[in-house]
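The structure appears right after this line, and notes come after that.
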Amino acid sequence: MIPLSWYLLLSATLFSLGVVGFLIKRNLITVFMSIELMLNGVNLSFVTFAHQWHLVKGQIFVFFVMVVAAAEAAVGLAIIIAVFRARSTLAVDRIDLMKL
Amino acid sequence: MNGYLHLWLIPLLPFAGFLINGILGRRLPKALVSTVALLAPLASFAVVLNAARAATSGLALPYAEICPVGWINAGMLHIDFSFVLDQLSLVMLLVVTGVGFLIHIYSVGYMHDDEGYARYFSYLNLFLFFMTVLVLAGNALLMFVGWEGVGLASYLLIGFWYQKTVAAEAGKKAFIVNRIGDFGFLIGMFLLLANFGTLTFSEIADKLAANPAWSGGVLTSIALCLLLGATGKSAQLPLYIWLPDAMEGPTPVSALIHAATMVTAGVYMIARTHALYDRSPFALSVVAIIGAATAIFAATIGLVQNDIKRVLAYSTISQLGYMFLGCGVAAYSAAIFHLMTHAFFKALLFLAAGSVIHGMGGVQDLRKLGGLRKHLPVTFWTMTAAVFAIAGFFPFAGFFSKDAILYAAFLQGNSGKVLWFVGLVTALLTSFYMFRLWYLTFMGKSRSPEVHPHESPWSMLGPLVILALFSIGGGWIGIERFAAYLAPSTGPLSLETGSAHLELVLSILAVAVALLGWFIADRFYRQRPEAPARLAAAVPAGYSVLAHKYWVDEFYGAVIVKPLMAVSKFVLEWVVEVAILGGLAWLLGGIATFTGAILQRWQSGNLRSYAAWLAAGAAALLLFALVPWTTVLANVGIHFNVAGH
């Protein structure tokens, strides 16, 4: 049996990768994917604990997170398209004004 | 009958009148306003009469009523609402509520057509409330409440016609000058507290009685501080300047507040604290000198005044000087005796003058009056009684009281004889200026033929007649009996060094001087009306000094008011406006700009910097949650006291 800590380590690594990606990547779509990575890192620890303690709550949480992530992806991509149309760029550093 | 006198009703009834007329007066019909305004002092007077009846039928004086709920309890300091009835306060209460009631009646006629009718009466009732509190107070602090309160009422009533700038200014002047005196009173109270630990008059007297050797020193300073308060309230040198200006108020107010009652509060206060003054010969001689100096000083100014009310105002200052002189030679009962008779005849003089002004449609310049004897017969005869009383003719009231003071002064050694002589000269001047006023007002021909004078209504004449009776007969009680009655509260009047023979000689001298004053006035203003102008032209310097009232107002204006105004203006414009307000505004604005300049860096709009802060915050929270802080801190020597261990 693979120990609990391995799963958690993987989960933390995924989450940290997501954070670092969010902070250093310039392209809005990559930033967006980093968020998905963080969500999945968290999902992994949910599943891990659910498996460990034989509780179904963790699994249900994962479903919820997936639903929210799917909805967010739909809205987020739409916003990204809108931003690109308005600014002709997807570099986050350039998108620093609240108004157009 | 449980022997309880309900002294608290004496002040609170006028206070109720004040509240009713003050709050509802404008909406009430005039008749109801008058009823309330008159009932309050009448009921108060009735309570006083009841107390007087009890006092004559065996009630032990002093009789005290103390509110069961204390007033101030702070550490060692205990001050109660205590009302004390003794011989002194009883006499004072009878004068205040009795004369006060008469003047209320008079006011109904005098103020009948005034717009502020209800306001006037509410102020008048308020005055009676504070005045009776002042008189009944069993400790200095409660007396101070009344003292300040009558000052407030005086201010409100002097400035009653506030649309007139002079009246508003006169009210302010009275209030501010009185504040200087009140400052002395306050310091005196602090000194009393520091040295006696109490402000209750009876306890102070007891402590003094227990230490017969204690005199001078701190007692002198207390007495002098209280004296400063008394000179302010009683318009003595050097703080008398507000009283002549106070004549801008309605005439009944001048009669009640600025002649009969409030201005005598200083005399009352000295008599009330006489135990202190008895231990300080220096303070006593200061009181006597101030009294004598004020008496003759004000009398000389009164010689040349042309406003009927101003003559009476200076006469009041002068007569108050007599009372101070009486206090200063430790003849407190004589001073109170004069206070009482003065309340009768001076109230009468003012009310009669008010009747003249009322009858003449507002004329109060002596040069425009004259020949009113036929038109205002009742006013003429009552005023004549008052003039004879103040001039000191036997057997009018003023003769007995003035004589008692002068006699007591004469018996005080050589310096006392000087004071007596000053008093005698003042009596001559008094007689002269009063008869001058009398001749100019009532005799000869009218100098304003276009005015058709009319006698006042009986609501005004009634009080005049009653006061005239008192001005004639008020002194017949005699100083011996009066002093003997007051002795428990003011100490005995010691005249043992004198003799009946000496007293008779002095009395004859006093009457002779009064006759001389009448004679000179008669020469000047009846037989040879051109004489006064000729005399004024002969000594222009002397006349100018008197007509300008020794330039005291100008002197105070230049020495005190102007520099004070300049300093105040500087403080207001530069310290307050520029430094404090401007500086504060600049500082607040600066802080906001500065913090804004720093905080705006967080609001860059840069997504990644937001995210970085978010990550840093999350990391910090994580650190805070994961690190076992108590252990870490315990390792460096800091221990948390958890649950009392």
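The values are calculated or read from the model by the stated rules, or taken from the named source; none is laboratory data. It should be emphasised that the depicted structure is a prediction, and the values quoted were computed from it without experimental measurement. Here the Cβ positions follow ideal geometry from the backbone for every residue, glycine too, while neighbour counts run over all protein chains shown.
Would you be able to say whether some residue in the stretch B:353-375 is more than 15 Å from B:MET434 (Cβ to Cβ) and touching a Gly at 6+ places or on another chain (Cβ under 6 Å)? Within the stretch B:353-375, one or more residues are more than 15 Å from B:MET434 (Cβ to Cβ) and touching a Gly at 6+ places or on another chain (Cβ under 6 Å). When you scan the stretch B:177-196, do you find a residue that is of a type in the set (Gly, Ala, Ser), modelled with pLDDT of 90 or more and closer than 20 Å to B:SER254 by Cβ, even just one? Scanning the stretch B:177-196 turns up at least one residue that is of a type in the set (Gly, Ala, Ser), modelled with pLDDT of 90 or more and closer than 20 Å to B:SER254 by Cβ.
Out of all the residues in the stretch B:624-631, is one or more part of a helix (DSSP H, G or I), away from chain A (no Cβ under 14 Å) and surrounded by 10 or more Cβ atoms within 10 Å (Cβ to Cβ)? Full working, then the answer.
Keep residues of the stretch B:624-631 that are part of a helix (DSSP H, G or I), which gives B:624-626, B:629-631.
Add one more test, that the residue is away from chain A (no Cβ under 14 Å), and what stays is B:624-625, B:629-631.
Now restrict to residues that are surrounded by 10 or more Cβ atoms within 10 Å (Cβ to Cβ): B:629-630.
Checked the stretch B:624-631: at least one residue is part of a helix (DSSP H, G or I), away from chain A (no Cβ under 14 Å) and surrounded by 10 or more Cβ atoms within 10 Å (Cβ to Cβ).
Conditions (1) closer than 11 Å to A:ILE29 by Cα; (2) within 12 Å of chain B (Cβ to nearest Cβ); (3) surrounded by 11 or more Cβ atoms within 10 Å (Cβ to Cβ), marked per residue:
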| site | (1), (2), (3) |
| --- | --- |
| A:GLY58 | no, no, yes |
| A:VAL62 | no, no, yes |
| A:VAL68 | no, no, yes |
| A:ALA74 | no, no, no |
| A:LEU77 | yes, no, yes |
| A:ALA86 | no, no, no |
| A:ILE95 | no, yes, yes |
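The criterion of at least 1 residues that are hydrophobic (A, V, I, L, M, F, W, C) and touching a Cys at 6+ places or on another chain (Cβ under 9 Å) is met by the following strands (runs of 3 or more DSSP E) wholly inside the stretch B:39-89: B:82-85. Given the structure, is B:TRP613 within 30 Å of A:ASN27 (Cα to Cα), without any contact (Cβ under 8 Å) to a residue 40 or more places away in the chain, in contact with a Phe, Trp or Tyr (Cβ under 9 Å, 6 or more places away or on another chain) and surrounded by fewer than 10 Cβ atoms within 10 Å (Cβ to Cβ)? Considered against the rule, which asks whether it is within 30 Å of A:ASN27 (Cα to Cα), without any contact (Cβ under 8 Å) to a residue 40 or more places away in the chain, in contact with a Phe, Trp or Tyr (Cβ under 9 Å, 6 or more places away or on another chain) and surrounded by fewer than 10 Cβ atoms within 10 Å (Cβ to Cβ), B:TRP613 comes out as no. Applying a threshold of 6 Å to beta carbon distances and a minimum spacing of six or more residues, or different chains, the list of pairs starting in the stretch B:594-610 at a residue that is within 13 Å of another protein chain (Cβ to nearest Cβ) and ending at one that is acidic (Asp, Glu) reads B:GLY605/A:ASP96; B:ASN606/A:ASP96.
Of the numbered conditions (1) in contact with an Asp or Glu (Cβ under 8 Å, 6 or more places away or on another chain); (2) part of a helix (DSSP H, G or I), B:TRP161 satisfies every one except a single condition; which is it? The one condition B:TRP161 does not meet is (2). Mind checking whether some residue in the stretch B:581-589 is assigned to a helix (DSSP H, G or I), hydrophobic (A, V, I, L, M, F, W, C) and within 14 Å of chain A (Cβ to nearest Cβ)? No, there is no match, as no residue in the stretch B:581-589 is assigned to a helix (DSSP H, G or I), hydrophobic (A, V, I, L, M, F, W, C) and within 14 Å of chain A (Cβ to nearest Cβ).
Within the stretch B:309-316, the presence of a residue that is within 27 Å of B:LEU469 (Cα to Cα), surrounded by 24 or more Cβ atoms within 10 Å (Cβ to Cβ) and modelled with pLDDT under 90 is excluded. Whether a residue is within 14 Å of chain B (Cβ to nearest Cβ), in a helix (DSSP H, G or I) and surrounded by 12 or more Cβ atoms within 10 Å (Cβ to Cβ) was assessed, and A:SER11 does not pass this test. Comparison of B:VAL387, B:VAL378, B:VAL356, B:VAL422 shows that the only residue that is β-branched (Val, Ile, Thr), surrounded by fewer than 19 Cβ atoms within 10 Å (Cβ to Cβ) and over 23 Å from the mean Cα position of the chain (by Cα) is B:VAL378. None of B:ILE508, B:ILE466, B:ILE479, B:ILE472 is of a type in the set (Val, Ile, Thr), touching an Asp or Glu at 6+ places or on another chain (Cβ under 9 Å) and closer than 28 Å to B:MET340 by Cα except B:ILE479. Cβ separations smaller than 6 Å between residues 6+ apart or across chains give the following pairs from the stretch A:29-50 residues that are more than 13 Å from A:VAL19 (Cβ to Cβ) to residues that are part of a helix (DSSP H, G or I) and among the aromatic types (Phe, Trp, Tyr): A:PHE46/A:PHE61; A:THR48/A:TYR7.
Answer yes or no as to whether B:ILE598 is modelled with pLDDT of 85 or more, under 30 Å from A:ALA91 (Cα atoms) and surrounded by fewer than 11 Cβ atoms within 10 Å (Cβ to Cβ).
So B:ILE598 fits the description; yes.
Just wondering, is there one or more residues in the stretch A:24-44 that are farther than 23 Å from B:ALA612 by Cα, more than 14 Å from chain B (Cβ to nearest Cβ) and in a helix (DSSP H, G or I)? Within the stretch A:24-44, one or more residues are farther than 23 Å from B:ALA612 by Cα, more than 14 Å from chain B (Cβ to nearest Cβ) and in a helix (DSSP H, G or I).
For the stretch A:14-23, the set of residues classified as facing another protein chain (nearest Cβ under 10 Å) and of a type in the set (Phe, Trp, Tyr) consists of A:PHE22 only. Determine, yes or no, whether B:ALA427 is under 16 Å from B:GLY326 (Cα atoms), surrounded by fewer than 19 Cβ atoms within 10 Å (Cβ to Cβ) and either at pLDDT 90 or above or of a type in the set (Gly, Ala, Ser) (or both). Considered against the rule, which asks whether it is under 16 Å from B:GLY326 (Cα atoms), surrounded by fewer than 19 Cβ atoms within 10 Å (Cβ to Cβ) and either at pLDDT 90 or above or of a type in the set (Gly, Ala, Ser) (or both), B:ALA427 comes out as no. Being under 30 Å from B:HIS104 (Cβ atoms), out of contact with any strand residue (DSSP E or B) (no Cβ under 6 Å at 6 or more places or on another chain) and of a type in the set (Gly, Ala, Ser) holds for only one residue in B:ALA275, B:ALA260, B:ALA288, and it is B:ALA260.
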